Amino acid sequence: MPEGGRFGRYGGQYVPEALVAAVKELEEAYRRFRADDEFKSDLAGLLKNYAGRPTSLYFAGNMTKKAGGAKIYLKREDLLHGGAHKINNTLGQGLLAKRMGKRRVIAETGAGQHGVATAMACAALGLKSEVYMGAEDVERQKLNVFRMELLGTEVHPVDAGSRTLKDAINEALRDWVTNLADTYYLIGSVVGPHPYPVIVRDFQSVIGREIARQALSAQGAFPDALVACVGGGSNSIGTFYPFLRKRDVDLYGVEAGGTGEDHNAATLSYGRIGVVHGMMTYILQDEYGQIGQTHSIAAGLDYPGVGPEHAYLKDTKRVAYVTANDEEAVEAFHLLAKEEGILPALESAHAVAYAMKLAASMKPDECVVVTLSGRGDKDVQIIGERKGFES
Amino acid sequence: MSRIREMFDSIDGGALVAYVMGGDPDLEASVGVAEAVLRGGADIIELGIPFSDPIADGRSIQAAGVRALKSGTKPADVLRIASYVKKTRDVPVVVMTYFNPILAKGPAAFLDAARRSGVDGVIVPDLPLDEAKKFGDVARARGIDSVLLAAPTTGEERMKEIVANTSGFLYLVSVLGVTGAREQLKDNAIRLVKFANGFTRGKVPLGVGFGISKPEHVRAVIGAGADAAIVGSAIVDMVASVDSGEDEALGRIEAYVRSMKLAARSA
């Protein structure tokens, strides 16, 4: 694990004193279990038999033709149980919670994808779960609230602050500090105080490891470029991490450009360094350090912070962080649906949009892998409303 | 000796620290609240600088922060309240805020501005101990105390380290949880005060906060060895139920602070 929980100057443990013992306990437990053979084989079994790993690496021939450049492959995380990469992390942390003897799991969720994945993992592992969700998001994502409830989770609407994801995280942290003894906080992205950014990265790195293996067997070489969307940054770090030392693989993180410079969730592109949710990272904030509202058509990218390791990878230039705006994401959504018969999550559509441009600029014997972090069924209504259909 | 330590040395009995959210519900009204708290006889005023994401705070102070931000309160406005308070009556003023607003201005620049406003101490609940040491040096170089927090989960070794690095007083969080008025003070809060007192005695005054809302809570923590009781949410809740400048409500706040201070002194 990184020294003092830092990636360069980013990360750390900016938490109230009462939580210090809890993050230390988690650090200790994770250090123990990550190397434990039984833990590893239990997790591998769950990922295979419950979640549906490995996911395929699909050659998108029609998209490749359309782009007219490099070969485009899709890493199909959308095929996982629950419809997104989130389950990789919730199964890992759920298992960790169980090993730590915690009976109650709490989580935050924005659009509800992590909440649903938490509910599934906890049901499967026999853990009690409760999910915090901004009251505004509860309104916007009624279907996911219902899904979570069906899966046995209690959903707590959060009325505080801006009533969205960042406030749900605050509330989960408050719950955790109040109920430390029996409660595990299962965070949904590579954010929060150390060791969360490391734990979530490790559990999501299965994506990149599979890509490496599958690309080798498909074409005898690593891909030339990897593209993934970045909100908090879990599917992207999971994609990139096993390739960080492979210098000839180009890495692209695609942030939500929203509708423009003043209306987006592109933290690394427009943010400044600050501290939120226990970590030092880039943050979309005003000049007084107040953390603002973000905007993206993809609820899962709508977060004013970003994982601290991404902040570090931006500064070191190992990863190029770019943006795709709402309109480009919607276009990519339609394109992938028509060309390949796949409805991508709007989050993932940001990555697809950039990958099409990138592939067009590359040679036909080169290869781009795009991580399709989730499926788009949840977004059909948003797309419909945008097209002016009756919903 | 710091202004805060002078205050502790000069009084007989326990002290009362009273929290006011700067700019809640607006700047002018919060000045009125601060004046009422002063008239009630608070020994230290803790002034909150509102932050959008206050993870250590419960509902009352979160809501106060939202009201303050809605009315456009900036950190500099709260520092202006501090300097007004200092001119009105010579009580120590401690500002409480989170690290991000401080970082946005730059810690040294923030502390310079605080010093110019007469601020005597700062409390930053989400600053980790390692950084709090550096920050404390920068603060003390400007004559400002850096008040650190200890919690029920703080073990012996860490408690020693925190006590060695805090200045002004030690802020002991009496419960596992966030700020907020509670009906009862738990037995383990009293045990915790006694435990912390074993480390602070003869070194630094011990202040106890989180969940303290009644005179009997104040008497209990002072009786167990604390030097100060800190009350916040209970005052903020009274502010929430009044309109700007309403004399009757301000009178209630003043009377409440007076009763809490009497309890601190008579414990």
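The values are calculated or read from the model by the stated rules, or taken from the named source; none is laboratory data. Since this is a predicted model, take the numbers as computed values, not measurements. All Cβ positions, even for glycine, are placed from backbone atoms using ideal geometry, and neighbour counts span all protein chains on display. Accessible surface is based on the protein model in full, side chains and every heavy atom, while ligands, DNA and RNA are left aside. Shrake-Rupley method; radii C 1.70, N 1.55, O 1.52, S 1.80 Å.
Across region A:37-130, the mean sequence separation of Cα contacts (distance under 8 Å, 6 or more residues apart), normalised by length, yields a relative contact order of 23 percent. Inter-chain Cβ neighbour count for A:279-290, averaged per residue, equals 5 (cutoff 10 Å, partner chain atoms only). With both labels modelled 7 Å from their Cα along Cα-to-Cβ, the B:Arg191 to B:Ala109 distance reads 4.8 nm. Over 22 Å between Cα atoms: which of A:Lys40/A:Lys86; B:Lys86/B:Lys261; B:Lys133/B:Lys214; A:Lys317/A:Lys357 fall into that group? Too far apart for the 22 Å limit: B:Lys133/B:Lys214. Take every Cα pair under 8 Å whose residues are at least 6 apart in sequence, average their separation, divide by the length of chain A, and the relative contact order is 20 percent. Here the 3J(HN,Hα) profile of region B:100-106, calculated from phi with Karplus coefficients 6.51, -1.76 and 1.60 at θ = phi - 60°, is 4, x, 6, 5, 4, 8, x Hz, Gly and Pro shown as x. At a Förster distance of 45 Å, what's the computed FRET efficiency of A:Glu327 paired with A:Lys40, Cβ-Cβ distance as r, to 0.05? Approximately 0.55, to the nearest 0.05.
Taking a sphere under 15 Å around the Cβ of B:Ser266 and counting the other residues whose Cβ falls inside, with K and R at +1 and D and E at -1, yields a net charge of +1. Among the protein heavy atoms of the protein assembly as shown, carbon and sulfur supply 49% of the accessible surface, probe 1.4 Å, non-protein parts ignored. Dividing the mean sequence gap of close Cα pairs (under 8 Å, 6+ apart) by how many residues region B:15-266 holds gives a relative contact order of 24 percent.
With Cα atoms as the point set, the radius of gyration and Dmax of region A:253-391 evaluate to 15.9, 50 Å.
Converting phi to 3J(HN,Hα) with the Karplus coefficients 6.51, -1.76 and 1.60 and the offset θ = phi - 60°, region B:254-266 yields 4, 5, 5, 4, 4, 5, 5, 5, 4, 4, 5, 6, 8 Hz in sequence order, with x at every glycine or proline.
Region B:170-245 and region B:1-58 have Cα centres separated by 14 Å. Calculated on C-alpha atoms, the gyration radius of chain B divided by its Kirkwood radius gives an Rg/Rh of 0.93. Rounded to the nearest 20, the size of the Cβ-charge dipole of region B:15-266 about its Cα centre is 600 debye, with Lys and Arg at +1 and Asp and Glu at -1. Other protein chain C-beta atoms within 10 Å of residue C-beta, averaged over A:178-185: 2.
Shown here for region B:188-220: trypsin sites (Lys or Arg not before Pro) in loop regions (DSSP other than H, G, I, E, B) with at most 16 other Cβ atoms within 10 Å, namely B:Arg201, B:Lys203. Amide hydrogen proximity for B:Leu170: with H placed 1.01 Å from N in the peptide plane, the residues at 5 or more positions away or on another chain lying under 5 Å are B:Leu206, B:Gly207. The listed peptides A:124-131, A:340-347, A:276-283, ordered by packing as a protection proxy, come out as A:276-283, A:340-347, A:124-131 (highest mean of other Cβ atoms within 10 Å first). Taken residue by residue and averaged, Cβ atoms of other chains lying within 10 Å of the Cβ of A:154-163 number 2. Taken per residue, the accessible surface of the protein assembly as shown reaches 36 Å², heavy atoms only and a 1.4 Å probe. Quick check: from the Cα gyration tensor, does chain A come out rounded (a/c under 1.5), prolate or oblate? In terms of gyration-tensor shape, rounded. With the convex hull of its Cα atoms as the shape, the protein assembly as shown has an orientation-averaged projected area of 28.3 nm².
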